[in-house]
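Structure, as structure tokens:
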């Protein structure tokens, strides 16, 4: 069709809207996963289309709140973690405490009021101390590789591999992250692949090779298959 027939000038171009590009990218990733792994293809068929998470460049305060939330959620159900995080923000006027506010609060009173363990209060204080000292520069995280983000985060007491993986997946929306230590992932793989026991890390990593570069999306489908997506 000629430019005049299509209603566009000779120098015009068609620009795909950002939302449309995102949807197209998500569909392409789903199709690649379908083709790479027939068992995962079955989960995709069973679960249907997953909504694509918003991808915006978060500011350091968002990073800080997300890390606090991740520390609270360690070894808790999604519901229990959300309830504790709600009590934490309520204590500080409806928003996460700043590092200064957290360190100024009495640890014992905070523990009792929010329902946290002593260890988790200590982990949150460690996070605040690393931020205030400059050891953890939140404003740099968007520009670091997955491996570099992991290294920055696990240097904080109480932030281990699982917490860092959840932050990369759920907050930074990195597309190719695998969480081999997550119990939900292990249980979903055990069921989907008809294994006799929970898979170990080596088994999960071997299976996940075929999911690259969309391992985050694969994990989301595994979680959704058990209705326990973080």
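Data table
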read-out	value
Search result, residues across the stretch 129-158 that are exposed (fewer than 14 other Cβ atoms within 10 Å of the Cβ) and touching a residue at least 24 places away in the same chain (Cβ under 8 Å)	139, 142, 155
Scope the stretch 80-103; condition part of a loop (DSSP other than H, G, I, E, B) and either loosely packed, with under 15 Cβ neighbours inside 10 Å or more than 24 Å from the chain's Cα centre (by Cα) (or both); matching residues	92, 93, 94, 95
Of all residues making up the stretch 106-125, the number that are out of contact with any helix residue (DSSP H, G or I) (no Cβ under 7 Å at 6 or more places or on another chain), in contact (Cβ under 8 Å) with a residue 12 or more places away in the chain and more than 19 Å from residue 159 (Cα to Cα)	0
Hits in the stretch 159-174 (condition: surrounded by 15 or more Cβ atoms within 10 Å (Cβ to Cβ) and over 20 Å from residue 99 (Cα atoms))	162, 165, 166, 168, 169, 170, 172, 173, 174
Of residues in the stretch 178-203 being crowded, with 19+ Cβ neighbours inside 10 Å and within 20 Å of residue 30 (Cα to Cα), the one farthest from the chain's Cα centre (by Cα)	192
Residue match in the stretch 48-59 (condition: surrounded by fewer than 20 Cβ atoms within 10 Å (Cβ to Cβ) and farther than 17 Å from residue 170 by Cβ)	yes
Criterion: farther than 22 Å from residue 86 by Cα and either crowded, with 17+ Cβ neighbours inside 10 Å or modelled with pLDDT under 95 (or both) - qualifying residue of 220, 125, 212	220
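The values are calculated or read from the model by the stated rules, or taken from the named source; none is laboratory data. The structure displayed is predicted, hence computed values, not measured ones. Cβ atoms come from the backbone with ideal geometry, glycine included; neighbour counts cover every protein chain shown.
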